[in-house]
Amino acid sequence: MVHVDMDSFPRPDCKSTPKPAPKLPTIPIIVAATTAALIGAAQMTGSSEDRISPAEIARRASIAEARPPVALRSVERREMKAAMLEMALSSQAQESLEADIASRQAKLVWIVFYDSDAEDGDVIEIQSGGFSRMIRLAKQPVAVAIPFPSDGVATVIGVVDGGGGGVTVGLVGPDGAAPLAVLSVGQQISIPVILE
């Protein structure tokens, strides 16, 4: 089994977008500006494109469906301040989340994504525990902090297909790196998760 050292991964270059949830207060969201900026960045840097055969797309979808839950590592106390800053929460939402963490009603975990094929500007959105953030995928894995979902399922949505051929996203877990199903824009997949 391979241990993934989250400290070795760079932080994402996309801002977080909190969504309303029972434990997090409603936060003003500037989705249009964020999406436009991500699409612009993807178009400017998309020098290559994904070339995946229909058979490979089908193979990845079947593997992703049969994959066991991904074990996610908890954000440690020494990492908490940096993780909270990176989430870009409003002060009210941060206070609420900190209170939930202190009372053990919520837990922050690391999840690690990468572009499983050509680094062409693909963007995904991760949703978990009432929180969401967009991530521009790169070949080098990027660790992001999210609230652990109470139902044990995180959602990944294809937001930008940078170079054509689909949004190619991979996930790094304790067992190593593996591609997920290839997504079209707007398509979403569920990822069962457990605590490491």
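The values are calculated or read from the model by the stated rules, or taken from the named source; none is laboratory data. Quick caveat, the model's predicted, so the values are computed rather than measured. With ideal geometry, Cβ positions are generated from the backbone for all residues, glycine too; neighbour counts draw on all protein chains shown. Areas reflect the complete protein model, heavy atoms only, side chains present, ligands, DNA and RNA absent. Shrake-Rupley method; radii C 1.70, N 1.55, O 1.52, S 1.80 Å.
List of remarks:
- Candidates S116, S91: the one that is polar (S, T, N, Q) and open to solvent by 30 Å² or more (accessible area, probe 1.4 Å) is S91.
- Restricting A177, A106, A138 to residues that are hydrophobic (A, V, I, L, M, F, W, C), modelled with pLDDT of 95 or more and closer than 26 Å to M84 by Cα narrows the list to A138.
- Some residue of segment 139-147 being in contact with a strand residue (DSSP E or B) (Cβ under 9 Å, 6 or more places away or on another chain), open to solvent by 10 Å² or more (accessible area, probe 1.4 Å) and among the basic types (K, R): yes
- Number of the exception - S48 against (1) open to solvent by 30 Å² or more (accessible area, probe 1.4 Å); (2) more than 20 Å from G166 (Cβ to Cβ); (3) at pLDDT below 85; (4) more than 18 Å from the chain's Cα centre (by Cα): (2)
- Residue ID - farthest from D151 (Cα to Cα), chosen from residues in segment 48-101 that are assigned to a loop (DSSP other than H, G, I, E, B) and of a type in the set (A, V, I, L, M, F, W, C): I52
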